[in-house]
Structures are given as structure tokens and as C-alpha cells.
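*Asks:* Before anything else, here's the structure in question.
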Amino acid sequence: MANPELNDLEGNGKKRVNAKRMYFAIFLILFLTIPMGYYIWMRSHRNDLCIIERDEWGAEEPIAKDFLNLPAQNVIIYHTATEQCETKDVCIHRMQMVQDFHMRDREWHDIGLNFLVGGDGEIYEGRGWDVRAQPLRGYESVSISIAFIGTFSNVEPEERQVKAAKRLMEDGVRRKKLRQDYHIYGQRQFEPTESPGQKLYDLMKLWPRWSTIIRHLD
């Protein structure tokens, strides 16, 4: 005849074993899913850029601001027609020189460009995403201007400089600052100028979004 007390003990023992297994399974799921969730979150934010902001490079305050119609439909590529820079300190010095030239000599309200990209592979904030760049046949209201620091008439920019500019444009789409179907132009397509330099301009022609057709303002 079965012993009821023995059956109860066996039943309780099985319950404890099952409970331990359940707790272990929960622990294992959390152990695996939390790091995986963190990894996915990090991957989803991998395009966030480290942009050298105005305060960091010592920008002067703008005299006035006019705002863009966002998302912008164009990216206009320039070069600064200065010496290049390979380190952050030198690039900051170039940024200060460019802003001083634009505000003192050209009497503009601020540095004339939305962003500048250094040979160090860093992106430097000019007027930023939301503020219009200097007049460009009326297209400044729907365009983001990006300048490569240096002169690229006879030399190509550093590979890291090009990659940084491309990452910036990708980030602009992600932030909805640029249209997904934006187009890329060189400054010379709007004005009689050498900018962005022949070597850089030739390189731009290989970029998927480079365009020969200047579209009407929407």
C-alpha cells in the first residue's frame, strides 16, 4: 500500500525541482536577452555622429539667423580653398580662420557653411542643420552646404574625410533633415568658381546622388 506521506514528499520534491528549472530558465532568458537587447540598441544608434560643436571649436556668436525649409532637397559641396588639416587642433584653427574671413571680410552673419569636414575625419558644426547657409541663387533655403577643409584642385581629399561627409549625409536623412531622394551638387554648378576643386568634383561624380540637373525650387 502506498504511503501518502512518501507521495507528498515526492510530489513536493518534484515541485521544487520544477520551480528551480523554471527560475533557471527565466535567468537564462534574461541573461541572453538583456545583452542582445543592448546590442540591438547600440546597432540602431551606430549612425549617431560625433560632431565637433561650435563651442568646442570656439565659434563666435552669429549676428543673425535665417532658417531652412526642412527636409532639404540638396547638398552643395564646397572646399574652403585653404590649407588642409590633419589634426583636430589644426582643423579648429582652420575653422576659426574661415569664420573670421566670412564675418570680417565678406560681412556675413556667421561662418557661411552648415558643416565642414576636416582631414582628421571629424565633422565640424558651422551653421548646423537648421540655419540657412549663404545665398546661392536662392537655393540656400532648400540646401545643406558641406565644405571640405582644404584645396582640392590638384589633390583628392583624404579617404576618411570623404567617409565622414557621406556619414553626415546619411545621418541627415535619418534625422529627417535631408530628403531621402536628396541630390548632391558642387558649388561650381551654381556659381562661376573652382570650388569644390577639380579633383574633389571628379570624385563626387562617382557618388550615387550626384546630379547634373539642377531642379526647380519646390
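The values are calculated or read from the model by the stated rules, or taken from the named source; none is laboratory data. Predicted model, so just to flag it, every value in this text is computed and none were measured. Cβ atoms come from the backbone with ideal geometry, glycine included; neighbour counts cover every protein chain shown. These area figures cover heavy atoms from the full protein model, side chains too; ligands, DNA and RNA do not enter into them. Shrake-Rupley method; radii C 1.70, N 1.55, O 1.52, S 1.80 Å.
*Asks:* Can you name the condition, by its number, that residue 170 falls short on among (1) surrounded by 14 or more Cβ atoms within 10 Å (Cβ to Cβ); (2) under 22 Å from residue 69 (Cα atoms)?
*Replies:* Residue 170 satisfies all of (1) surrounded by 14 or more Cβ atoms within 10 Å (Cβ to Cβ); (2) under 22 Å from residue 69 (Cα atoms) except (1).
*Asks:* A further question follows. Among the residues of the range 2-11, is any under 19 Å from the mean Cα position of the chain (by Cα), modelled with pLDDT under 95, of a type in the set (Gly, Ala, Ser) and exposed (fewer than 10 other Cβ atoms within 10 Å of the Cβ)?
*Replies:* No: zero hits.
*Asks:* Please go through the range 118-136 and pick out each residue that is over 18 Å from residue 191 (Cβ atoms), open to solvent by 20 Å² or more (accessible area, probe 1.4 Å) and touching a helix residue (DSSP H, G or I) at 6+ places or on another chain (Cβ under 8 Å).
*Replies:* 120, 122, 125, 129
*Asks:* Still on this model: Restricting the search to the range 100-159, which residues are in a loop (DSSP other than H, G, I, E, B) and basic (Lys, Arg)?
*Replies:* 106, 127, 132, 137
*Asks:* Considering each residue of the range 131-169, count those that are in contact with a His (Cβ under 9 Å, 6 or more places away or on another chain) and of a type in the set (S, T, N, Q), and give that number.
*Replies:* So the count comes out to 3.
*Asks:* Oh, and also: For the range 76-90, what are the residues that are in contact with a strand residue (DSSP E or B) (Cβ under 8 Å, 6 or more places away or on another chain) and closer than 18 Å to residue 152 by Cα?
*Replies:* 76, 77, 78, 79, 80
*Asks:* Take residue 68 and decide whether it is surrounded by 15 or more Cβ atoms within 10 Å (Cβ to Cβ), within 20 Å of residue 194 (Cα to Cα), in contact with a helix residue (DSSP H, G or I) (Cβ under 8 Å, 6 or more places away or on another chain) and of a type outside the set (Lys, Arg).
*Replies:* For residue 68, the condition - surrounded by 15 or more Cβ atoms within 10 Å (Cβ to Cβ), within 20 Å of residue 194 (Cα to Cα), in contact with a helix residue (DSSP H, G or I) (Cβ under 8 Å, 6 or more places away or on another chain) and of a type outside the set (Lys, Arg) - is not met.
*Asks:* Just give me the residues in the range 79-89 being outside any loop (DSSP other than H, G, I, E, B), open to solvent by 30 Å² or more (accessible area, probe 1.4 Å) and in contact (Cβ under 8 Å) with a residue 24 or more places away in the chain, in sequence order.
*Replies:* 88
*Asks:* Give 152, 115, 148, 101 a once-over and let me know the one that is among the aromatic types (Phe, Trp, Tyr) and open to solvent by 20 Å² or more (accessible area, probe 1.4 Å).
*Replies:* Answer to the check: 101.
*Asks:* How many residues are of a type outside the set (Lys, Arg), within 20 Å of the chain's Cα centre (by Cα) and either modelled with pLDDT under 95 or at positive phi (or both) when one looks only at the range 159-218?
*Replies:* Matching residues across the range 159-218 total 1.
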